[in-house]
Amino acid sequence: MPALRFRDILGQDEAIDFLQRVAAGGRYGNAYLLHGPGGVGKGSAAIAFARAMMCERGAGGALDVQPSLFGAPEPAPAVAPAATTPGDACDECAACHKSRDLQHPDLKFLFPLTGEEKELDTVYRETVDAWREDPFFTFVYEKAASIRLSTTRELLRELAFRPFEARHRVVVVRDADRMREDQYSAMLKSIEEPGASTVWVLTTSRPTRLPATIRSRCQRVRFRALHEDVIDAYLRERVGVADDASRLLAALSSGSLGRALQGRDTDPRLAAGEIFDLLGRARAGDPAALWGQVQRMMNFGRTGRDKLRRYLEYLILWQRDLLRWRYEGEAAQLVHVGRRADIARAAAAVDPTEIRRRLMLLEECLRSIDGNVAADASIFSALSRLANPALSRTGWPRHPAARWVY
Ligand SMILES: [Zn+2]
């Protein structure tokens, strides 16, 4: 469980500030939509928000406050008010204990699942267990994963009853864009119900895929890509990643802590060996061998493609470091902190125009891969041109296997 309280969520001050004020105010809308890039804290914020709303010491949690006959309610909550930040979970009351274990009877989750219908319960339970126990858990789905109809149905049946313990039931829906039309209609009915005791907290990184009817009935809260420094510090201080690896992971993460966490088990410095090996082949002027190696990587399907993509990103960071070194010298803040000497040596051997040429062709290659151009061909072409500046200027060398030789 990466973060459970607002104060643990990094780099999203504006969004957190808003949610915290809502929780502190105690008057909740029927639905909130937390949207923004993947892996930046929307899911954690949704849980923190839910917990804050359910906290017995918070504005929305005090169950036993009854208005007296003479107007002003008698504020006599069972627990003393917390010394903690208003609007955040106190983490000490009974409700907070239950919600921390993801076992509050009024806190419900929906998230995408894959698998056989009869195994869904098990998959669901195992996911929640892993989520609770792994402090750096990130949700990773198969492409076809969806929020399943059977789990939604079961939940909707429960919504017909009053909450068990809290004043409000909170339903957190992760990746709410992965639902079917009929699920949205059922959800909409619940959202629109006047005086409902259910608060829906939806998260998505693809808000445009949600029906406009849902979007328009939610209060929207925007999350942003995280700054590299925030991710770097988190990886070093909380996860215990070594300095130079963490700098690199942060730079490769595109502002997504989730992405950096997923990559933490594979040391990005190891990838460096493979990518420079590929480049070596390109430089050796043996296109057939280079093509063969790229093909072997592609045999792993999507994994191979992702790997090639990471290699490209790695090379881009490398070239950016060269550029920084050319312009700033010793003062340069490098991504490859552990390889200053190599960067200095490589930078001395190349001029800034050439570095910019390399960056342009690497970025172009990344774009074509994302645009679904055959990844193998575009990587092959990029590496060949990267290794041989002359190729960009004069065209292709003779290749024994090329048809146009005949
Ligand atoms: Zn509490």
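Please identify the chymotrypsin sites (Phe, Trp or Tyr not before Pro) of the stretch 284-373 that satisfy two criteria: DSSP loop assignment and at most 13 other Cβ atoms within 10 Å. Which are they?
Working: sites: Trp291, Phe300, Tyr311, Tyr314, Trp318, Trp325, Tyr327; in loops: Phe300.
Answer by residue number: Phe300.
In square angstrom, what is the accessible area per residue of the stretch 148-268 with a 1.4 angstrom probe? The partial results should precede the final answer.
Numbers: 5920 Å² over 121 residues.
Per-residue accessible area for the stretch 148-268 comes out at 49 Å².
Among Phe164, Thr198, Ala94, whose Cα lies farthest out toward the positive end of the dipole of the stretch 86-217, if unit charges sit on the beta carbon of Lys, Arg (+1) and Asp, Glu (-1)?
Of the listed residues, the answer is Thr198.
Using θ = phi - 60° and the Karplus relation 6.51 cos²θ - 1.76 cosθ + 1.60, list the HN-Hα couplings for the stretch 324-332 in order, rounded to whole Hz, with x at every Gly or Pro.
Ordered by residue, 3J(HN,Hα) equals 4, 5, 4, 8, 10, x, 4, 6, 4 Hz.
What number, in percent, do you get for the relative contact order of the stretch 146-282 if the mean sequence gap of Cα pairs under 8 Å and at least 6 apart is divided by its residue count? Don't skip to the answer; put the middle values down first.
Numbers: 107 pairs, mean separation 24.2, N = 137.
Answer for the stretch 146-282 is 18 percent.
With θ taken as phi - 60° and the coefficients 6.51, -1.76 and 1.60, list the Karplus ³J(HN,Hα) couplings across the stretch 371-379 in order, rounded to whole Hz; mark glycine and proline as x.
x, 6, 6, 3, 5, 4, 5, 6, 5
Can you compute the label reach from Glu192? Point 7 Å from Cα along the Cβ direction, backbone N cut-off under 19 Å, restricted to the stretch 210-231.
Zone members listed by number: 210-220.
Please find the FRET efficiency linking Arg367 to Arg162, where r is the Cβ-Cβ separation and R0 is fixed at 45 Å, and quote it to the nearest 0.05.
So the FRET efficiency works out to roughly 0.25.
Which angle between 0 and 90 degrees, to the nearest 10, do you get for helix 352-370 versus the longest principal axis of the chain when only C-alpha atoms count?
The answer is roughly 50 degrees.
If you restrict to DSSP beta bridges whose two residues both lie in the chain, what percentage is antiparallel, to the nearest 5?
Details: 2 of 20 bridges.
In the chain, approximately 10 percent of DSSP beta bridges are antiparallel ones.
DSSP loop (so not H, G, I, E, B), at most 13 other Cβ within 10 Å: list which trypsin sites (Lys or Arg not before Pro) in the stretch 92-166 pass both filters. Don't jump to the answer; show the numbers that get you there.
Numbers: sites: Lys98, Arg100, Lys108, Lys118, Arg125, Arg132, Lys143, Arg148, Arg153, Arg157; in loops: Lys143, Arg148.
In loop regions of the stretch 92-166 (DSSP not H, G, I, E or B), the sparsely surrounded trypsin sites (Lys or Arg not before Pro) are Lys143.
When a/c is below 1.5 the answer is rounded, else prolate if a/b is larger than b/c, else oblate, so apply that to the chain with a ≥ b ≥ c taken from the square roots of the Cα gyration tensor eigenvalues. The partial results should precede the final answer.
Working: a/c = 3.01, a/b = 2.07, b/c = 1.46.
Here the chain falls in the prolate category.
Considering only protein heavy atoms and a probe of 1.4 Å, how much of the accessible area of the chain is carbon and sulfur, as a whole percent?
Values: 10670 of 20720 Å².
Result for the chain: 52 percent of the exposed heavy-atom area is carbon or sulfur.
Which of the three applies to the stretch 92-168, rounded, prolate or oblate, going by the alpha-carbon gyration tensor with a ≥ b ≥ c and a/c under 1.5 meaning rounded? All intermediate terms of the calculation are to be shown ahead of the outcome.
Values: a/c = 2.63, a/b = 1.27, b/c = 2.07.
Because a/c hits 1.5 or more and a/b fails to exceed b/c, the stretch 92-168 counts as oblate.
Mind ranking Phe164, Phe136 by accessible surface for me, highest first, 1.4 Å probe? Before the final figure, lay out each step's value.
Values: Phe164 145, Phe136 40 Å².
Greatest to least solvent exposure: Phe164, Phe136.
Projected onto the charge dipole of the chain (+1 at Lys/Arg Cβ, -1 at Asp/Glu Cβ, origin at the Cα centre), which of Leu155, Ala233, Leu270 gives the Cα projection farthest towards the positive end?
Among Leu155, Ala233, Leu270, the one farthest towards the positive end of the dipole of the chain is Leu270.
Name the residues whose placed amide hydrogens come within less than 5 Å of the amide hydrogen of Val199, ignoring near sequence neighbours (fewer than 5 apart) on the same chain.
The answer is Arg169, Val170, Val171.
Between Thr353 and Ala374, take the C-beta separation as r, use R0 = 41 Å, and let me know the FRET efficiency to the nearest 0.05. Could you put the intermediate results ahead of the total?
Working: r = 29 Å, r/R0 = 0.72.
The calculated FRET efficiency here is 0.90.
Sort out for me the Cα centre separation of the stretch 103-182 from the stretch 373-390, rounded to whole Å.
Spelled out, the Cα-based centre of one part sits 44 Å from the other.
Tell me, in nm to one decimal, what length is gained between Ala242 and Arg125 on full extension, where the rule is 0.36 nm per residue of separation less the Cα-Cα distance? Show your work: numbers first, answer last.
Values: separation 117, 0.36 × 117 = 42.12 nm, distance 3.33 nm.
Contour length minus the Cα-Cα distance gives 38.8 nm.
Using Cα pairs closer than 8 Å and at least 6 residues apart in sequence, work out the relative contact order for the stretch 202-289, in percent.
Details: 45 pairs, mean separation 18.6, N = 88.
Relative contact order here is 21 percent.
Need one word for the stretch 160-232: rounded, prolate or oblate. Basis is the Cα gyration tensor (sqrt eigenvalues a ≥ b ≥ c); a/c below 1.5 gives rounded, then a/b vs b/c decides. Don't jump to the answer; show the numbers that get you there.
On the way: a/c = 2.56, a/b = 1.50, b/c = 1.70.
Oblate is the answer for the stretch 160-232, as a/c is 1.5 or above yet b/c matches or exceeds a/b.
Out of the stretch 13-55, which trypsin sites (Lys or Arg not before Pro) are coil in DSSP terms and have no more than 13 other C-beta atoms within 10 Å?
Numbers: sites: Arg21, Arg27, Lys42, Arg51; in loops: Arg27.
For trypsin sites (Lys or Arg not before Pro) across the stretch 13-55 that sit outside H, G, I, E and B with at most 13 neighbouring Cβ atoms in 10 Å, the list reads Arg27.
Per residue, how much accessible area does the stretch 307-370 have with a 1.4 Å probe, in Å²? List each step's numbers first, then the result.
Numbers: 3140 Å² over 64 residues.
Per-residue value: 49 Å².
For the chain, what does -39500 (n - 2.57) per DSSP helix run (n ≥ 4), summed and divided by total residues, give at 222 nm, in deg cm²/dmol to the nearest 500? Mind dumping the intermediate values first?
Values: 17 runs with 201 residues, N = 406.
Here the helix-only value at 222 nm equals -15500 deg cm²/dmol.
In whole Hz and in residue order, list the ³J(HN,Hα) couplings for the stretch 271-278 that follow from phi through the Karplus curve 6.51 cos²θ - 1.76 cosθ + 1.60, θ = phi - 60°; x for Gly and Pro.
Working through the residues one at a time gives 4, 4, x, 5, 5, 6, 5, 4 Hz.
Gaussian network model of the chain, Cα springs within a sub-10 Å range: biggest mean-square fluctuation belongs to which of Pro37, Pro211, Pro112?
With Cα springs under 10 Å in the chain, the top fluctuation among Pro37, Pro211, Pro112 is at Pro211.
Find how much the distance from Val230 to Asp8 grows on full extension, using 0.36 nm per residue of separation minus their present alpha carbon separation; answer in nm with one decimal. Mind showing how you got there, number by number?
Working: separation 222, 0.36 × 222 = 79.92 nm, distance 1.24 nm.
Going from the current span to full extension adds 78.7 nm.
Under the definition of Cα pairs under 8 Å and six or more residues apart, what whole-number percent is the relative contact order of the chain? The partial results should precede the final answer.
Working: 574 pairs, mean separation 66.7, N = 406.
Over the chain, the number comes to 16 percent.
The values are calculated or read from the model by the stated rules, or taken from the named source; none is laboratory data. What you are looking at is a predicted structure, and each value in this text was computed from that prediction instead of being measured. Heads up, the Cβs are rebuilt from the backbone with ideal geometry, glycines too, and the neighbour counts pull from every protein chain shown. Keep in mind that these areas ignore ligands, DNA and RNA; they rest on the heavy atoms of the full protein, side chains included. Shrake-Rupley method; radii C 1.70, N 1.55, O 1.52, S 1.80 Å.
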